[in-house]
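Engineer: Could you have a look at this structure, given as structure tokens, before my questions?
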Amino acid sequence: MSRLRAKCPDCKTFTAVALGPDYECHSCGREFHAGLVRVPQAWGEGGEAMAEAAFLELPYPEVAVVEADTLEEQNLALAADLPERPLVLGGDCCAHIGAVEGLAARQDRLAVVWLDAHGDLNTPQTSPSGNTWGMPLRMILDSGAVDAGDVALVGARALDPPEEEYIATSGVHAGEDAVARALDGVACVYVALDADVLEPSEASVFMPEPGGLSADEVEAILRDVDERASVLGAGFTGLSFEPTNVEPLTRFAAALRL
């Protein structure tokens with residue numbers, strides 16, 4: 001499927017045409033500020049419900065559905081199908097890898113704001129579970145696509161000891177003012193949002209963790225990100241296929257002006 005033409009969420013036909021980073025449906029005339037890329041994959045044991053969430057009906061034109069046999073193939077396919085301004089819907093957080101690598105290849109410097117209850121900073125050697133979905137941020141950093149000093153980890157509260165050690169020594173920003181420090185001097189950013197960053201009562205997620213942020217708090221963080229840098233794309237992951245998730249996700253996308 002060409003990223004220049006997408007499936008309009010209203011008309012259900014491939015009549016949404018790319019106009020720079022935006023899309024306009026030639027049938028109904030509606031305009032959109034991002035192209036939706038679905039990634040129905042979960043790289044770990046028992047993640048089928050998370051993969052299914054990639055088919056939630058978000059009000060954005062569908063540019064591509066990326067399905068692959070390996071994570072490497074998924075990353076390459078994502079980078080190839082990535083619209084100018086993507087909204088990625090997973091699946092697990094590995095969906096962000098190809099998106100970040102694809103956007104970083106277009107820029108001299110890209111920041112990443114990663115909202116997640118978990119660090120996603122494990123390696124195969126440090127991971128207690130062995131699930132690849134606990135490693136994507138570390139994979140991005142180890143690939144060199146972005147610098148650790150240009151990354152903010154927001155809302156993490158279930159970190160493994162090796163992840164805490166990595167944050168302390170790598171330069172990844174966490175804690176108060178993490179977003180401001182990561183975006184200082186950086187012109188553009190990708191936002192990765194695992195919905196388990198939220199308090200479990202706020203959304204239906206795959207791996208709920210108590211003590212999370214409210215939807216209002218997340219929305220305020222996203223607005224702050226948008227004020228500090230140009231948002232080149234975003235991704236939502238870690239969900240379950242529950243229609244009530246559409247409302248907060250749509251709010252979060254709007255906060256980023258997508």
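Engineer: Out of region 14-60, which residues are without any contact (Cβ under 8 Å) to a residue 40 or more places away in the chain, touching a Lys or Arg at 6+ places or on another chain (Cβ under 7 Å) and either among the hydroxyl-bearing types (Ser, Thr, Tyr) or in a loop (DSSP other than H, G, I, E, B) (or both)?
Structural biologist: The one that is without any contact (Cβ under 8 Å) to a residue 40 or more places away in the chain, touching a Lys or Arg at 6+ places or on another chain (Cβ under 7 Å) and either among the hydroxyl-bearing types (Ser, Thr, Tyr) or in a loop (DSSP other than H, G, I, E, B) (or both): Phe14.
Engineer: For region 117-140, does any single residue satisfy the condition of being open to solvent by 50 Å² or more (accessible area, probe 1.4 Å) and at positive phi?
Structural biologist: Checked region 117-140: no residue is open to solvent by 50 Å² or more (accessible area, probe 1.4 Å) and at positive phi.
Engineer: With respect to the numbered conditions (1) part of a loop (DSSP other than H, G, I, E, B); (2) open to solvent by less than 10 Å² (accessible area, probe 1.4 Å), which one is the sole condition not fulfilled by Arg106?
Structural biologist: Going through the list (1) part of a loop (DSSP other than H, G, I, E, B); (2) open to solvent by less than 10 Å² (accessible area, probe 1.4 Å), Arg106 breaks only (2).
Engineer: Oh, and also: When you check Glu101 against the structure, is it touching a residue at least 40 places away in the same chain (Cβ under 8 Å), assigned to a helix (DSSP H, G or I) and open to solvent by 10 Å² or more (accessible area, probe 1.4 Å), yes or no?
Structural biologist: yes
Engineer: Kindly provide the set of residues from region 61-98 that are more than 16 Å from Trp133 (Cβ to Cβ), of a type outside the set (Asp, Glu) and either in a loop (DSSP other than H, G, I, E, B) or under 14 Å from the mean Cα position of the chain (by Cα) (or both), ordered by number.
Structural biologist: Result: Pro61, Ala79, Leu82, Pro83, Arg85, Pro86, Leu87.
Engineer: Hey, another quick one. Of the conditions (1) without any contact (Cβ under 8 Å) to a residue 60 or more places away in the chain; (2) crowded, with 21+ Cβ neighbours inside 10 Å; (3) among the aliphatic types (A, V, I, L, M); (4) touching a strand residue (DSSP E or B) at 6+ places or on another chain (Cβ under 9 Å), Ala148 satisfies every one except a single condition; which number is it?
Structural biologist: (2)
Engineer: Can I ask one more? Please work out which one of (1) at positive phi; (2) among the small types (Gly, Ala, Ser); (3) open to solvent by 60 Å² or more (accessible area, probe 1.4 Å) is the condition Ser27 fails and give its number.
Structural biologist: (1)
Engineer: Is it the case that Ala187 is hydrophobic (A, V, I, L, M, F, W, C) and more than 17 Å from Arg138 (Cα to Cα)?
Structural biologist: It is true that Ala187 is hydrophobic (A, V, I, L, M, F, W, C) and more than 17 Å from Arg138 (Cα to Cα).
Engineer: Hey, another quick one. Does region 206-214 contain any residue that is touching a residue at least 40 places away in the same chain (Cβ under 8 Å) and open to solvent by less than 10 Å² (accessible area, probe 1.4 Å)?
Structural biologist: no
Engineer: Looking at region 159-195, which of the residues that are at pLDDT 95 or above, part of a loop (DSSP other than H, G, I, E, B) and of a type in the set (Gly, Ala, Ser) is least open to solvent (accessible area, probe 1.4 Å)?
Structural biologist: If we take residues in region 159-195 being at pLDDT 95 or above, part of a loop (DSSP other than H, G, I, E, B) and of a type in the set (Gly, Ala, Ser), then Gly171 is least open to solvent (accessible area, probe 1.4 Å).
Engineer: Now a separate question. Taking only region 229-258 into account, find how many residues are out of contact with any His (no Cβ under 8 Å at 6 or more places or on another chain), surrounded by fewer than 19 Cβ atoms within 10 Å (Cβ to Cβ) and over 15 Å from Leu115 (Cβ atoms).
Structural biologist: 10
The values are calculated or read from the model by the stated rules, or taken from the named source; none is laboratory data. Keep in mind the model is a prediction, meaning the values are calculated, not measured. Neighbour counts run over all protein chains shown; Cβ positions are idealised from the backbone, glycine included. With ligands, DNA and RNA removed, areas are computed over all heavy atoms of the protein, side chains included. Shrake-Rupley method; radii C 1.70, N 1.55, O 1.52, S 1.80 Å.
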